[in-house]
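The values are calculated or read from the model by the stated rules, or taken from the named source; none is laboratory data. Bear in mind that the values here come from a model prediction, so they are computed numbers and not experimental data. We place every Cβ from the backbone using ideal geometry, glycine too, and count neighbours over all the protein chains shown.
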Amino acid sequence: MIARHHLLTLAVATFLLASCGPPAMTPNFADIHFTGERPLALQASQIVIRNQSATAGDPGYPVQPAHAMENWANDRLRPNGQGGPARFTINASAAVKNIPANTSGISGAVTDQISQQYDVTVDGTLELLDDHQMAIRTVRATAARAMTVLQSSTINDRDQARYDLVKATMTDFDRQIEEQMRNNFGTYLLSR
């Protein structure tokens, strides 16, 4: 009797181990850069980056929006060494996770409902300053996106969604601020 019980326990344990398979690999996410985009040459002595964003962001995001905004300024903006400085200010960079209310009861138990909503907002200002730190030209861009994931999403799926969301939001920001620069900087924007 005892031998049969041990044999049954061994069989169940073997089945469970075999069905688990190898553990899922945690993905490595590349930093978000803009080195593939053409640099924006400015008539400026230097580029100064300031982060005045009050929000720290959800630590679950593989790349924080504020970091991606700093990368944007370092990758895209190029001073020609003449005139006053250019100042890029990160006004806001929010990365938030919200948990929406779901349907309860039988229908809630049998449907794959939304588990989390991710929201990313970035806002930045680029100023060209004279020698007295007064703004000669100013542009500002804001981009925001949201995405939801279902209860069936794996941890890796959720990380990928947050990464993709920051990347897409920064692509929107990049397009908006470049268009603003082309429309408002005149001869101070040297690359056309």
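For THR187, indicate whether it is farther than 30 Å from ILE99 by Cβ and loosely packed, with under 13 Cβ neighbours inside 10 Å. Lay out the reasoning, then the answer.
Details: farther than 30 Å from ILE99 by Cβ: yes; loosely packed, with under 13 Cβ neighbours inside 10 Å: yes.
Here the answer is yes, as THR187 does meet what is asked.
Quick one: in the stretch 127-173, which of the residues that are in contact with a helix residue (DSSP H, G or I) (Cβ under 6 Å, 6 or more places away or on another chain) and within 20 Å of ALA41 (Cβ to Cβ) is surrounded by the most Cβ atoms within 10 Å (Cβ to Cβ)? Step through it out loud before you land on a result.
Kept after step one, since they are in contact with a helix residue (DSSP H, G or I) (Cβ under 6 Å, 6 or more places away or on another chain), are these residues of the stretch 127-173: 128, 137, 139, 141, 143, 145, 147, 149, 166, 170.
With within 20 Å of ALA41 (Cβ to Cβ) added as a condition, the list becomes 128, 137, 139, 141.
Working: LEU128: 23, ARG137: 18, VAL139: 20, ALA141: 20.
The extreme case among them is LEU128.
From GLN52, GLN46, which residue is modelled with pLDDT of 95 or more and surrounded by fewer than 16 Cβ atoms within 10 Å (Cβ to Cβ)?
Values: GLN52 fails: modelled with pLDDT of 95 or more.
Exactly one of GLN52, GLN46 is modelled with pLDDT of 95 or more and surrounded by fewer than 16 Cβ atoms within 10 Å (Cβ to Cβ), namely GLN46.
If the Cβ limit is 6 Å and pairs must be 6+ apart or interchain, which residue in the stretch 38-55 that is over 21 Å from THR142 (Cα atoms) pairs with which residue that is of a type in the set (Ser, Thr, Tyr) and surrounded by fewer than 16 Cβ atoms within 10 Å (Cβ to Cβ)?
Close Cβ pairs (under 6 Å, with a partner that is of a type in the set (Ser, Thr, Tyr) and surrounded by fewer than 16 Cβ atoms within 10 Å (Cβ to Cβ)) amount to ALA41/SER191.
Across the stretch 109-151, what is the total count of residues that are over 29 Å from ASN184 (Cβ atoms) and hydroxyl-bearing (Ser, Thr, Tyr)? Explain how you work it out, then say what you get.
Looking only at the stretch 109-151, we keep the residues that are over 29 Å from ASN184 (Cβ atoms), and these are 109-118, 147-151.
Checking which are hydroxyl-bearing (Ser, Thr, Tyr) leaves us with 111, 115, 118, 148.
Qualifying residue count, the stretch 109-151: 4.
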